[in-house]
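In what follows, a structure is listed as structure tokens, so that the remarks can point back to it.
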Amino acid sequence: MAWTDDRLWCHPKYVGLSWRAKAVVRHGFEYSGGMGTKGVLSAAAQHTIGSTRTVRNELVQAGWWDENGDG
């Protein structure tokens, strides 16, 4: 079972995100924890959690995601 810190809502890197990006961050944590991917999200997983190119760019800029070419 995935668990998300209940203080995420006030994290400095989280507060400035769009609503969609906030949802993708949470879904990414939950997907990764539930599926045991250790934070790596394939293109299919990113699509499943609602990410788009715009959201990915927003999360990379905010320091939540890295783009390293392996998911």
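The values are calculated or read from the model by the stated rules, or taken from the named source; none is laboratory data. The structure displayed is predicted, hence computed values, not measured ones. Please note: Cβ atoms are built from the backbone with ideal geometry, for glycine as well, and neighbour counts cover all protein chains shown. When the accessible area is computed, the model is the full protein with side chains, heavy atoms only, and any ligands, DNA or RNA have been set aside. Shrake-Rupley method; radii C 1.70, N 1.55, O 1.52, S 1.80 Å.
Details
- Members of segment 26-42 that are on the phi < 0 side of the Ramachandran plot and open to solvent by less than 80 Å² (accessible area, probe 1.4 Å): Gly28, Glu30, Tyr31, Ser32, Gly33, Gly34, Thr37, Val40, Leu41, Ser42
- Just one of the listed residues (Glu67, Glu58) is touching a residue at least 24 places away in the same chain (Cβ under 8 Å) and open to solvent by 40 Å² or more (accessible area, probe 1.4 Å), namely Glu58.
- Residue in segment 43-55 that is least open to solvent (accessible area, probe 1.4 Å), counting only those that are outside any helix (DSSP H, G or I) and over 22 Å from Asp6 (Cβ atoms): Ser51
- Flag: His11 does not match the condition of being surrounded by 16 or more Cβ atoms within 10 Å (Cβ to Cβ) and free of Cβ contacts under 8 Å to residues at least 60 places away in the same chain.
- The one condition in (1) part of a loop (DSSP other than H, G, I, E, B); (2) of a type outside the set (A, V, I, L, M, F, W, C); (3) open to solvent by less than 60 Å² (accessible area, probe 1.4 Å) that Asp6 fails to fulfil: (3)
- Residue check for Arg20: open to solvent by 100 Å² or more (accessible area, probe 1.4 Å), in a helix (DSSP H, G or I) and among the charged types (D, E, K, R): yes
- Cβ-Cβ under 6 Å pairs, at least 6 apart or on other chains, segment 39-50 side in contact (Cβ under 8 Å) with a residue 12 or more places away in the chain, far side open to solvent by less than 20 Å² (accessible area, probe 1.4 Å) and among the β-branched types (Val, Ile, Thr): Ile49/Val24; Gly50/Val24
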